[in-house]
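Asks: One structure follows; several queries about it will come next.
The values are calculated or read from the model by the stated rules, or taken from the named source; none is laboratory data. Remember, predicted model here, so these are calculated numbers, not experimental data. Here the Cβ positions follow ideal geometry from the backbone for every residue, glycine too, while neighbour counts run over all protein chains shown. All accessible areas refer to the heavy atoms of the entire protein, side chains included, with ligands and DNA or RNA removed. Shrake-Rupley method; radii C 1.70, N 1.55, O 1.52, S 1.80 Å.
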2 protein chains.
Amino acid sequence: VKAPLNNKPKIGIDLMGSENAPNLLLKEVFNLAEKTDDVDFVIIGTEEIESFFSELKEKTHRKSPINAVFVKNLISMEENPLVAIRRKKDSSVCVGMKLLKQKEIDAFVSAGNTGAIIASAKMFLNMLPSISRPGLLAVLPTKKNPIAILDVGANISHKAENLMQFAFMGAGFQKTRGIKKPKIGLLNIGSEEKKGTLEIRKAYQDLQKMALLKDNFIFSGNIEGKEVFEGLVDVLVTDGFTGNVFLKTAEGTANFILDYITTNLTEKNINIKSVLTDLENRLHHSEYPGAILCGVEGLVIKCHSYSSPNDFANGVKGAIALVKNNFMELLQSYLS
Amino acid sequence: VKAPLNNKPKIGIDLMGSENAPNLLLKEVFNLAEKTDDVDFVIIGTEEIESFFSELKEKTHRKSPINAVFVKNLISMEENPLVAIRRKKDSSVCVGMKLLKQKEIDAFVSAGNTGAIIASAKMFLNMLPSISRPGLLAVLPTKKNPIAILDVGANISHKAENLMQFAFMGAGFQKTRGIKKPKIGLLNIGSEEKKGTLEIRKAYQDLQKMALLKDNFIFSGNIEGKEVFEGLVDVLVTDGFTGNVFLKTAEGTANFILDYITTNLTEKNINIKSVLTDLENRLHHSEYPGAILCGVEGLVIKCHSYSSPNDFANGVKGAIALVKNNFMELLQSYLS
């Protein structure tokens, strides 16, 4: 555990490639720096933000320093990730990954092209011990404790081997949050051992064996989509395709219901308004908005490209908290 | 189109194998028969319900007749479907399928073991023209029109060929509901053509070509879980594993949110109560609670095994409406 890192986290922030104008995100970083006194911010953006950056630097009073790395290029949402990262080594995403690799920053936050973030992480960073594919980890509220779900879309492989690795990373994540023996569930279409695809059934067997061998997590078996929010497990393991569908379906259903209620309520008293606002906050601005890319040697936070500047700032705050809690060091020691 | 069928639908109802006691479901059928005057009900159950059946027959006044078929056996939720249907040809599920095959009934409703229902449907009924695997079709509310989703769990194959067949059956279903040119979407993890698994990408290409050729549906491309409830498409096509996760996740999220609101509301005025009740009705007691098994020559309705007796009655009502609307005949003519 490297003490100096924890004293003053260096957070690299990619301002490019999301649905928000880079200047909007830049302003959020300045807002954060006015309120936070123990962080080194490093923003990464193209030269188009240079003048606004100088302007904000003059106008604002910051408790934490903000340094800028200006780059020549950006990768947009529409670009083919693999082609883009090969051609645009000078893009904000690739430069951010290089800074992370060189330990110039302790975490890298981006709301850009997901595929490009994952591909460049794989290109520039080493994998963690015993991990062959990274997974995106998202945190969702439940009736009890928040649950870690992975993979929510880093890849579409659904091999038992990868599901096992996701399970270990999810358990490691929950350990860093103080849960001594995380409960792991496998997202499936029924609770019976024989449900689901061949690979899921294999993962079931392997997780059952491994839980007995390792004794540092509990395998709770199959979990159906309708039980997830009961909070019976700490980690929900699934392949990236299903996990992505799961996450977006939960989001879509929540929006549908909240919309329905707000539209149909004729009398809106203060009580119902505050309950709905609290709920929206719990659902949308969770501790780690977006997702953590687990499995690479370096802390990468992917924020939703469509999230608001405020959500983006929450993503940056999440990154700061993870660095302060020695997340990467603890995860590595859990995996090795 | 066979006119006599539509005059007086004969609805076969399996009372066994769900989480509800058979007598509770039987009582619901009698309630329905007291209110409905143009149906022939045929209940199927083991001899254990015989005395309660006689008792109800004496006590109640019915507008529609209820006949009973008493069977020797039932298949429970826990049984292996394939083993069970081979060994228990005299079970309520198998007997119901045989009655459907012999056209003794026009529809068969069951809340029993899903696997056994599907396996016995495949064993006793012919497949519809050009369909190789049946799919379970569920109907969900959206901000606009209800959407048909299939497959929600009849099988875990995810071949492009099967996805295409689900698309045609979903379009056929919506045609029978008066939508002339149904819009079909493919459940995926992004809107871009190249997203998802190999088979989904293939289905994308095939649906695009077929929409141009056939001109009786519109292919709207990929749809993400968060957009489904916007109601932009009439049919959502997906494999049985993902579809099942989708459906149960939507259900789990809805329960989580409604629970949260009811628990946290301190002042409960009449307005919010009625909005929440309306919403719950829309979500849980949709027109067709449970799902339609599409692809076999015969109308099979699978109700949730955990649904309330009232939901089960809604499933029976759904079956009556489908028979009256010539659903099977229209679907067959759409597919051929």
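Asks: Given a Förster distance of 30 angstrom, what is the FRET efficiency for A:Lys143 paired with B:Glu19, based on the Cβ-Cβ distance and rounded to 0.05?
Replies: The pair A:Lys143/B:Glu19 has a calculated efficiency of 0.85.
Asks: List every residue whose amide H lies under 5 Å from the amide H of A:Asn73, counting only residues 5 or more places away in sequence or on a different chain, with H placed 1.01 Å from N in the peptide plane.
Replies: A:Ser92
Asks: Right, something else. Taking θ as phi - 60°, what are the ³J(HN,Hα) couplings along region A:304-312 by the Karplus curve (6.51, -1.76, 1.60), each to the nearest whole Hz, with x for Gly and Pro?
Replies: In residue order, the calculated couplings are 4, 5, 9, 6, 6, x, 5, 5, 4 Hz.
Asks: Of B:Tyr306, B:Tyr260, B:Tyr204, which is the most mobile in a GNM of chain B whose springs link Cα atoms less than 10 angstrom apart?
Replies: B:Tyr260
Asks: Still on this structure: Check cross-link reach from B:Lys226 to the lysines: straight Cα distance under 22 Å, and skip same-chain residues fewer than eight apart.
Replies: B:Lys226 reaches A:Lys143, A:Lys226, A:Lys248, A:Lys302, B:Lys143, B:Lys144, B:Lys183, B:Lys194, B:Lys195, B:Lys248.
Asks: For chain A, find the longest principal axis of its Cα atoms and tell me its angle to the long axis of helix A:160-176, 0 to 90°, nearest 10.
Replies: Result, in degrees: 60.
Asks: Going by alpha carbons, how many degrees (0 to 90, nearest 10) lie between the helix axis of B:270-284 and the longest principal axis of chain B?
Replies: The helix B:270-284 is inclined about 90 degrees to chain B.
Asks: Provide the solvent-accessible area of A:Ser191, counting protein heavy atoms only and rolling a 1.4 Å probe, rounded to the nearest 10 Å².
Replies: Around 70 Å² of this residue is reachable by solvent.
Asks: Shifting gears a bit: Which three numbers, in whole Å and largest first, are the semi-axes of the equivalent ellipsoid of region B:162-278 derived from its Cα gyration tensor as √(5λ)?
Replies: Values for region B:162-278, descending: 34, 17, 11 Å.
Asks: Using a Förster radius of 25 Å, what is the FRET efficiency between A:Ser274 and A:Glu78 based on their Cβ-Cβ separation? Nearest 0.05, please.
Replies: Once rounded, the FRET efficiency stands at 0.05.
Asks: Same structure, new question: In sequence order, what are the phi-derived ³J(HN,Hα) couplings for region B:318-328 according to the Karplus relation 6.51 cos²θ - 1.76 cosθ + 1.60 with θ = phi - 60°, rounded to whole Hz, with x for glycine and proline?
Replies: x, 4, 4, 4, 5, 5, 4, 8, 6, 3, 4
Asks: Using a ≥ b ≥ c from the Cα gyration tensor of region B:195-249 (square roots of the eigenvalues), is it rounded, prolate or oblate, where a/c under 1.5 gives rounded and otherwise the larger of a/b and b/c decides, a/b for prolate?
Replies: oblate
Asks: Put a dot 7 Å past each Cα toward the Cβ at B:Lys35 and B:Asn216; how far apart are the dots in nm?
Replies: Rounded to a tenth, the inter-label distance reads 3.5 nm.
Asks: Also, I was wondering about something else. To the nearest 10 square angstrom, what accessible area does A:Glu329 show with a 1.4 Å probe?
Replies: A:Glu329 exposes around 40 Å² with every protein chain in place.
Asks: Moving on to the next point. At 1.4 Å probe radius, can you tell me the per residue accessible area of the protein assembly as shown in Å²?
Replies: Heavy-atom SASA per residue in the protein assembly as shown reads 40 Å².
Asks: Also, quick follow-up: Between B:Asn126 and A:Thr262, how many nm apart are label points set 7 Å from Cα along the C-beta direction?
Replies: 5.4
Asks: Can you tell me the relative contact order of region A:112-247? Whole percent, Cα pairs under 8 Å, sequence separation 6 or more.
Replies: Relative contact order, region A:112-247: 34 percent.
Asks: Label position 7 Å from Cα toward Cβ: report the copy-to-copy distances for A:Ile179 in nm, one decimal, ordered from shortest.
Replies: Label-point distances to the other copies, shortest first: 3.8 nm.
Asks: Taking H as built 1.01 Å from N, whose amide H comes closer than 5 Å to the amide H of B:Asn20, not counting residues under 5 places away?
Replies: Those qualifying (amide H under 5 Å, at least 5 residues apart or on another chain) number zero.
Asks: Starting from a label point 7 Å past Cα on the Cβ side, list the distances from A:Lys194 to the same position in the other copies, nm, shortest first.
Replies: Computed spacing set for this position: 4.2 nm.
Asks: By its C-alpha gyration tensor, with a ≥ b ≥ c as the square roots of the eigenvalues, how is region A:1-121 shaped: rounded for a/c under 1.5, else prolate for a/b larger than b/c, else oblate?
Replies: It is oblate, given that a/c is not under 1.5 and a/b is not larger than b/c.
Asks: A further question on this structure: Report ³J(HN,Hα) in whole Hz for each residue of region A:14-23, in order, from the Karplus equation J = 6.51 cos²θ - 1.76 cosθ + 1.60 where θ = phi - 60°; Gly and Pro get x.
Replies: 7, 8, 9, x, 9, 7, 8, 4, x, 5
Asks: Let me ask another. Estimate the FRET efficiency between A:Lys27 and A:Arg87 by the formula 1/(1 + (r/R0)^6), using the beta-carbon distance for r and 45 Å for R0, to the nearest 0.05.
Replies: That gives a FRET efficiency of 0.90.
Asks: Whose amide H sits under 5 Å from the amide H of B:Ile218, counting only residues 5 or more places off or on another chain, with H placed in the peptide plane?
Replies: Those qualifying (amide H under 5 Å, at least 5 residues apart or on another chain) are B:Lys183, B:Ile184.
Asks: Points 7 angstrom from Cα along the Cβ direction at B:Glu297 and A:Glu297: gap in nanometres?
Replies: 6.5
Asks: Between copies, how close do the A:Ser308 label points come, placed 7 Å along Cα→Cβ, listed in nm from shortest?
Replies: 3.6
Asks: Using a 1.4 Å probe, how large is the accessible area of B:Lys122, given in Å² and rounded to the nearest 10?
Replies: Rounded to the nearest 10, the figure is 90 Å².
Asks: I need two numbers for the protein assembly as shown: Rg to one decimal and Dmax as a whole number, Cα atoms only, in Å.
Replies: Considering the protein assembly as shown through its Cα atoms, Rg and Dmax are 27.4, 90 Å.
Asks: What's the angle, to the nearest 10 degrees (0 to 90), between helix A:92-101's Cα axis and the longest principal axis of chain A?
Replies: Around 70 degrees separate the two axes.
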